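The values are calculated or read from the model by the stated rules, or taken from the named source; none is laboratory data. These figures come from a predicted structure and were not determined experimentally. Neighbour counts are summed over all protein chains in view; Cβ atoms, including those assigned to glycine, are modelled from backbone coordinates with ideal geometry. Heavy atoms of the whole protein, side chains included, go into the accessibility calculation; ligands, DNA and RNA do not. Shrake-Rupley method; radii C 1.70, N 1.55, O 1.52, S 1.80 Å.
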Amino acid sequence: MISRPVAIVTGAGRGIGRGIAVALAELGYFVVINFTKNQQTAEECLTLVRNAGGDGLIARADISRADERKNLLETSVAVANRIDLLVNNAGVAPEVRADLLVADEASFTRLIDINLKGPYFLTQLVARQMILQVEQGTHTAEELPKIITISSISAYTASVTRGDYCISKAGLSMLTALYAARLAEFGINVYEIRPGVIETDMTDEVRDKYDAMIDDGVWPIRRWGRPGDVGHAVASIARGDFPFSTGEIFNVDGGFQLRTL
Ligand SMILES: NC(=O)c1ccc[n+]([C@@H]2O[C@H](COP(=O)([O-])OP(=O)(O)OC[C@H]3O[C@@H](n4cnc5c(N)ncnc54)[C@H](O)[C@@H]3O)[C@@H](O)[C@H]2O)c1
């Protein structure tokens with residue numbers, strides 16, 4: 001039996017997911033580190049989690065596949081007995097940035113499957129488990145389960161060379177609203193974090209472009225975002241600092257969403 005709070009973090013081997021796993025470990029969490037292909041990065045993340053004061057396990061699952069989502073939940077519950085937090089983090093960028101007028105369906109289908117369908121139905125599965133826990137009296141009023149989804153500034157910013165990505169992220173905002181509305185009666189709060197541009201492998205190929213834009217002041221806080229910036233936002237929500245907020249959006253974007261004149 002695990003006495004620590006338990007979080008599932010999807011796509012936690014590297015990047016933002018790893019930053020989230022470590023920030024939760026600093027709060028003492030047991031973290032289910034979900035990964036798809038690279039077991040080594042997941043194991044590295046587990047070491048970092050343990051070094052930060054937490055514990056966890058690594059769990060392979062492609063979140064776009066129903067059977068693997070089911071396995072992920074069943075493995076987590078078998079080991080940890082309950083889920084206190086789900087962080088929908090896993091996501092992909094298009095393999096090729098293609099103009100809206102010529103972009104193909106294959107990329108659209110891939111992005112919707114991984115970035116939107118995966119979290120939508122994983123949330124459904126985990127929410128059912130959380131409701132069961134709440135009904136069984138597993139949680140105190142201060143420690144009710146929570147769900148956090150990592151969307152993006154692309155949820156509302158039109159990038160015409162990656163419409164598929166933008167649509168998938170906009171869908172995650174509705175996922176947040178829907179589950180927030182549905183789960184409030186059980187005391188399960190649901191949140192969205194919208195990162196701006198964060199320094200990870202995903203953004204490595206557009207590094208020079210964003211270096212120049214940051215120098216030009218594309219957002220007021222003139223630096224790259226870091227995985228820890230998102231991790232600390234997740235940790236703050238996980239700690240229970242926002243009990244009277246649900247469906248809430250947290251911008252972790254250096255102020256990109258500000259309009260200025
Ligand atoms: N880096 C940014 O600037 C940025 C900005 C806003 C939002 N985001 C979002 O944050 C999340 C993490 O991004 P990142 O920059 O750390 O990217 P990343 O590519 O470094 O990490 C993504 C992780 O998700 C995993 N993953 C991919 N497909 C998966 C699947 N089907 N099942 C399970 N895991 C899968 C990958 O293996 C990888 O470990 C993504 O959803 C991304 O869209 C990133």
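Listed values, structure above:
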{"quantity": "Residue 173 accessible area, assembled protein chains, probe 1.4 Å, Å²", "calculated": "20"}
{"quantity": "For region 136-143, 3J(HN,Hα) per residue [Karplus equation, 6.51 cos²θ - 1.76 cosθ + 1.60, θ = phi - 60°, Hz, x = Gly/Pro]", "calculated": "7, x, 5, 10, 7, 4, 7, 10"}
{"quantity": "Surface accessible to a 1.4 Å probe, residue 250 within the full protein complex, Å²", "calculated": "40"}
{"quantity": "Cα Rg over Rh - the chain, Kirkwood", "calculated": "0.96"}
{"quantity": "Simple label model, 7 Å out from Cα along Cβ direction - residue 136 to residue 98, nm", "calculated": "4.7"}
{"quantity": "Value of [θ]222 nm, deg cm²/dmol, for the chain, DSSP H segments ≥ 4, -39500 (n - 2.57) each, nearest 500", "calculated": "-13500 deg cm²/dmol"}
{"quantity": "Heavy-atom accessible surface of the chain: percent carbon and sulfur, 1.4 Å", "calculated": "53"}
{"quantity": "Estimated vicinal HN-Hα couplings, Hz - region 204-219 in sequence order (Karplus 6.51, -1.76, 1.60; Gly, Pro = x)", "calculated": "4, 6, 10, 4, 5, 4, 6, 4, 5, 5, 5, 4, 7, x, 4, 9"}
{"quantity": "Summed residue charge, Cβ within 15 Å of residue 27's Cβ, Lys/Arg positive, Asp/Glu negative", "calculated": "-2"}
{"quantity": "Protein-only accessible surface order, largest first, of 209, 146 at 1.4 Å", "calculated": "209, 146"}
{"quantity": "Gained length - residue 109 relative to residue 251, 0.36 nm times residue gap less alpha-carbon distance", "calculated": "48.4 nm"}
{"quantity": "Percent antiparallel among DSSP beta bridges (both partners in the chain, rounded to 5)", "calculated": "0"}
{"quantity": "Counted charge near residue 50, where neighbours are those whose Cβ lies closer than 15 Å (Asp, Glu -1; Lys, Arg +1)", "calculated": "-2"}
{"quantity": "Heavy-atom surface of region 6-252, accessible at 1.4 Å and reported per residue (Å²)", "calculated": "46"}
{"quantity": "Max mean-square fluctuation residue, GNM over the chain, Cα-Cα springs under 10 Å, options 94, 145, 227", "calculated": "94"}
{"quantity": "For region 16-68 versus region 187-259, the gap between their alpha-carbon centres in whole angstrom", "calculated": "20"}
{"quantity": "Environment charge of residue 125, counting only residues whose C-beta is closer than 15 Å and scoring Lys/Arg +1, Asp/Glu -1", "calculated": "+3"}
{"quantity": "Residue among 228, 54, 115 farthest towards the positive dipole end of the chain, charges placed on Cβ", "calculated": "54"}
{"quantity": "Residues whose placed amide H lies under 5 Å from that of residue 146, excluding near-sequence neighbours", "calculated": "85, 86"}
{"quantity": "Residue order for 202, 1 - accessible surface, 1.4 angstrom probe, largest first", "calculated": "1, 202"}
{"quantity": "Heavy-atom accessible area ranking, 1.4 Å probe, most first, across 72, 144", "calculated": "144, 72"}
{"quantity": "Within straight-line cross-link reach of residue 70, aspartates and glutamates at Cα separation under 12 Å, skipping those fewer than 8 residues along the same chain", "calculated": "62"}
{"quantity": "Phi to ³J(HN,Hα) by Karplus 6.51 cos²θ - 1.76 cosθ + 1.60 over region 188-201, Hz, x for Gly, Pro", "calculated": "9, 8, 10, 10, 10, 10, 10, x, x, 7, 10, 6, 8, 4"}
{"quantity": "Solvent accessible area, Å² - residue 260, 1.4 Å probe, full protein context", "calculated": "120"}
{"quantity": "Pairwise FRET efficiency - residue 232 versus residue 208, Cβ, R0 = 35 Å, nearest 0.05", "calculated": "0.80"}
{"quantity": "For a label point 7 Å along the Cα-to-beta-carbon line of residue 181, residues of region 138-175 with backbone N under 14 Å", "calculated": "173-175"}
